[in-house]
1. Distance between the C-alpha centers of the stretch A:1-80 and the stretch B:99-160? Whole Å please.
2. For chain B, what does the relative contact order come out to in percent, with C-alpha contacts under 8 Å and a separation of six or more?
3. Which FRET efficiency value, to the nearest 0.05, do you get for residue A:136 and residue A:201 by plugging their Cβ-Cβ distance into 1/(1 + (r/R0)^6) with R0 = 30 Å?
4. Given a Förster distance of 25 angstrom, what is the FRET efficiency for residue B:244 paired with residue A:64, based on the Cβ-Cβ distance and rounded to 0.05?
5. Note down the magnitude of the dipole of the protein assembly as shown about its Cα centre, charges +1 on Lys and Arg C-beta and -1 on Asp and Glu C-beta and zero elsewhere, to the nearest 20 debye.
6. Work through the residues other than residue A:195 whose Cβ is under 11 Å from its Cβ and net out their charges, Lys, Arg +1 and Asp, Glu -1.
7. Evaluated at 4 °C with a viscosity of 1.567 mPa s, what Stokes-Einstein diffusion coefficient in µm²/s does the protein assembly as shown have when Rh comes from the Kirkwood expression over alpha-carbon pairs?
8. Once you compute Rg and the Kirkwood Rh from C-alpha atoms, what is the Rg to Rh ratio for the stretch A:41-194?
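The values are calculated or read from the model by the stated rules, or taken from the named source; none is laboratory data. Please read these numbers as outputs of a predicted model, since none were measured by experiment. Using ideal geometry, Cβ is built from the backbone for each residue, glycine included, and neighbour counts are taken over all protein chains shown. The protein model used for the area step is the full one, side chains on, heavy atoms only, and it has no ligands, DNA or RNA in it. Shrake-Rupley method; radii C 1.70, N 1.55, O 1.52, S 1.80 Å.
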Amino acid sequence: MIELAGVHKAFGTNAVLRGVDLLVPRGTSMVIIGGSGTGKSVLLKCILGLVRPDAGVVRIAGENARTAGREAFLARFGMLFQGSALFDSLPVWQNVAFRLMRGATKRPRDEARAIAIEKLRRVGLGPEVGELYPAELSGGMQKRVGLARAIAAEPEIIFFDEPTTGLDPIMAGVIDDLIREIVVEMGATAMTITHDMRTVRAVADHVAMLHDGIIRWTGTVQEMDATPDPYVHQFINGLAQGPIASVR
Amino acid sequence: MSLLAPVARLGRAVLGALAATGRVAIFAAESLSHIVRPPFYGREFLTAALQIGWMSLPVVGLTALFTGAALALQIYVGGARFNAESVVPSIVAIGMTRELGPVLGGLMVAARVASSIAAELGTMKVTEQIDALVTLSTNPMKYLAAPRILAATVTVPVLVAVGDSIGIMGGWLVGVNRLDFNSATYLHNTIQFLEPWDVGSGLVKGAVFGFIVALMGCYYGMNSGRGAMGVGAATKAAVVGASVLILASNYLLTEVLFSA
């Protein structure tokens, strides 16, 4: 479903991605792990075209992302941003229904609103929340709204960028469970980037570790726990000693 | 080598300025292309028009009122040197409509609107809201920049027209209450010597200044650096850029509109 081949990206002299090769089969949940500043978010943005790769190819269902029609290409995706990225100026329901009210798949306002309320219910929020503005919500509620927005148009592929960052452990667990449930329910292909090992275990079918600009290791969660790879071992156990420098 | 260092620095500065000019020009051209091509975001346009036009009315009105009043006093005192006190009404009217109304109105809108747009869009950029727009199949240039630029281009001339009227009224208030002009004579002289092009040229300037203000706000906001410092720097650059461009374009427009 998602295929990356030799993806490179540098910002000035800082080569963030140095040849990323990755395959995410349709309907599976891939989690990318790696330390802070290793380029996980850049990788997601390269797939979406928010950042243009310097080299390499991104294919979605066999279609080259660079040559695909932009609107149709983006219509395949939903994304939950690290900080939720809700639009401050719009009430919650309009945030959720944003895509439904514009573009080729535009629907009548009442219908879009009904779908938004249903998606809010799916993530555990009542219809009264739809009338609030993002600034009136807690961090956990904002994540739920972000999740509702990501799934509102029922995309084939959903990206989750650090979905539990900044949440307390209970709320993080709730969000992890919601992600897993929704991805399974929708049969979507999911790609999550995180350094929260609890999220990895909750949502991953496959795990890939990004380090030094390349995918250093891939495997299932069970294989991750058993791997002798010193980088993976150090990362998943949170060890200060090991091949990954603790000061980066 | 050290002898060439200042030349190299100068060269880098010039190249940097040329590159920035090119980027702003491309941004402006892209914005204009989105203004004339569907889809159109009417709700965003109306919101921007309200924010830029209606909400700027108090500051533009007060600026015009005090400027017209001060102008009447200055012309009266200056005109007294060669017994030309009677030109106060016409000079206030011409000065306000041709020059002070659009320029001071433009500068006040630059301070209020360019900063506001740059801060809003800059914050949207650093909180990934602009990226979110893209992932929701919405072009940020079309959704954020085009409605604001069109709204400013349309509403600032209206602000200028209102400001002109208030400025002339400020001059009339001072003329009648402070300088002992006859009210009817003051108004008669104002109308008699004011030509339609005096007002029209000010409105043209207003449209150009409105375009500049929103362009600078959108450009610097959407290209804001990271964090609070990045947004602060973008806001400052938008106000400074808009103000300088307003003053520079005012001279060019005056040359074009009133040459010969």
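1. Centre-to-centre (Cα) distance: 32 Å.
2. Worked out over chain B, it gives 30 percent.
3. Rounded to the nearest 0.05, the efficiency is 0.35.
4. Working from the Cβ atoms, E equals 0.05.
5. The calculation lands at about 680 debye.
6. Result for the neighbourhood of residue A:195: 0.
7. Stokes-Einstein gives a translational diffusion coefficient of 49 µm²/s.
8. Radius of gyration over Kirkwood radius for the stretch A:41-194 works out to 0.96.
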